[in-house]
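Notes for the one structure printed next.
Each value in this text was obtained by applying a stated rule to the coordinates, not by laboratory testing. None of these values were measured; they are calculated from a predicted model. Quick reminder, even Gly has a Cβ in these numbers, built from the backbone with ideal geometry, and neighbours come from all protein chains shown.
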Amino acid sequence: MKIQELRLKHFGKFTDKDIRVGDGINILYGENESGKSTIHSFVRGMFFGMERGRGRASLHDAFSTYEPWENPNYYSGSLKFESGGKIFRIDRNFDRYTKKAELVCEDDGEQLSVADGDLEMLLGGLNPGRYENTISIGQRKAETGRPLSVEFKNYATNYYALSGEGCSMSHGMPLGDGTGNGETDLGRTLEHLKEKKKALEREIKESLLKKQAERERMEQEASYVWRDVHHLEEELGRISGELEYRREKAAREGGSVENRRIIDELRPAKWRIHPVELILFAAIIILAFILIARPWNFLVSIILFLSCGLYVWNRMKVGKQEVKTPPELILEEITPEEEKIPLEKLVWEQTHVREELREKQIQYGNIKEQLAELDEVSEDYREYDKRRNALSLAMERLNELSKELQRQLEERLKDEASQILAYITEGKYTQLLIEDGMNLSLMKDGRRISLEQLSRGTVEQVYFSLRMAVSGVLYEEEYPVILDDTFAYYDDVRLKNVLKWLGECKKQVLIFTCQNREEQLLQELGIAYRREEIV
């Protein structure tokens, strides 16, 4: 991809400012405060847009900084670039009220959509983070930020899929199509897997809560049924005890009633003691006195007399109770049919309670079985475990691949960056070490040298080498290199080496500068360039 033309319609201090950009090295010369950094920011804004900050951040954000000094409602511009052998033009209106972006292919007039990702496709996946940490170097911003480490790690993960070396993972999430043309972002795939795992965990948690609620409901129901069973058992015991008592009482009273009936037939109805009984008692006492030898006859006669007296006293007592009984009860006659009704009712109640108790016991047993089934691992939970294990395995595999591929690509990055740095420093530094988080250091004569031990110019040359090496690793397509007063701390020798390296790479380079050093050194090297003055 190459930039061809910039048109700042209303952007910052510029109004209808046109800048042509050619192949190779372009020198955009301007004095201090001439607007070089404005043009640099314009290029970024045309590719990626400009978002207005919120609150206090909006006072110093890029949107507010480059809002037109005059006619702010016409905050806009256009940029022409070549991609895939065709010329495209992107027009943007940055105004907060009429914000829009249009993308047109000037060769055939085809209207493309920025919102649908057509511009991102033409840029080959270049995003703002990669842009600012590789091919675009602003004033005093040679150091790469931590996002470069994240971008490189993500690329290392994606490389496995893009190279066709990946394998398909579970749940329909392929990591590569085997063609080397995959567009899967495995960084996002990892996030997607994490989200799916979180969703599955939530689903499991909800299922467990539902299961616990069902268990509590069934346990409560079981307690109610058990209470009913207990009450029915007590009721059945009471009825059975009463039936047994009634039957024993009926059997016990059957004989005594018969004996009393014979005596009552002999006794007149209104007499409490029959005369025959008194005569019989007297005869027995007299015979005992006569027949038994003295002195025992006196003792036996006294005992018999007392016994007969006790009997007479009891009879008299019973007679008094019968007199006190209401006449209607004395005259009431209880039939055999009426006598059987209470007993049959008790038998019916016993049968009914026993049947109800059996049903409650069966119901209680069923609830206990259902509770036991809840304790068992169901097929649903086996499926949950299977899916969770599959997601964990996929994430673990991706992380392993990412680490291994990152290690391999870091070796490649280290070699390419070391070669560029060696070219710039004429062999003084030949080995650049790149560790986790893009922590950099140099090796010289078997000794590690931290960046804090280096001069400011050498540090910027290290970061320049790293940026160029990363762009070579990350991007298959060539992008313009945009340098805004990047060489202020370079000496003439190393600046000459950098310009020579850029010329040999055949890259499109935009150098914003307020000095003539770059132009003079290019002339000495015999490297063609295009000069554009910014006024």
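The share of alpha-carbon pairs in segment 448-507 lying farther apart than 14 Å comes to 63%. Applying both filters, DSSP loop and at most 11 other Cβ atoms within 10 Å, to the GluC sites (Glu not before Pro) of segment 193-237 eliminates every site. Here r is the Cβ-Cβ distance between Glu201 and Ser223 and R0 is 30 Å; the resulting FRET efficiency, rounded to 0.05, is 0.40. Normalised Debye scattering of segment 1-142 at q = 0.09, 0.14, 0.19 Å⁻¹ gives log10 I(q)/I(0) of -0.27, -0.69, -1.32, counting only Cα atoms as equal scatterers and leaving out solvent. For the pair segment 356-430 and segment 20-87, the centres of their Cα atoms are 44 angstrom apart. Applying a DSSP loop filter and a limit of 11 other Cβ atoms within 10 Å to the GluC sites (Glu not before Pro) in segment 402-435 leaves Glu426. Among Lys444/Lys500; Lys2/Lys403; Lys80/Lys414; Lys99/Lys403; Lys36/Lys403, which pairs are too far apart, with a Cα-Cα distance over 30 Å? Over 30 Å apart, Cα to Cα: Lys2/Lys403; Lys80/Lys414; Lys99/Lys403; Lys36/Lys403.
Counting 0.36 nm for each residue step from Asp18 to Ile279 and taking away their Cα separation leaves a gain of 78.1 nm. The trypsin sites (Lys or Arg not before Pro) of segment 412-470 meeting both criteria, a DSSP state outside H, G, I, E and B (loop) and at most 13 other C-beta atoms within 10 angstrom of the site's C-beta, are Lys428. Partners of Lys198 within straight-line reach, counting aspartates and glutamates whose Cα lies under 14 Å from its Cα and excluding those fewer than 8 residues away in the same chain: Glu206, Asp385. The reciprocal of the average 1/r between distinct C-alpha atoms defines the Kirkwood hydrodynamic radius, which for segment 401-535 equals 16.0 Å. Once the Cα-Cα distance is subtracted from the 0.36 nm per residue extended length, the Ala488 to Glu191 segment shows a gain of 102.8 nm.
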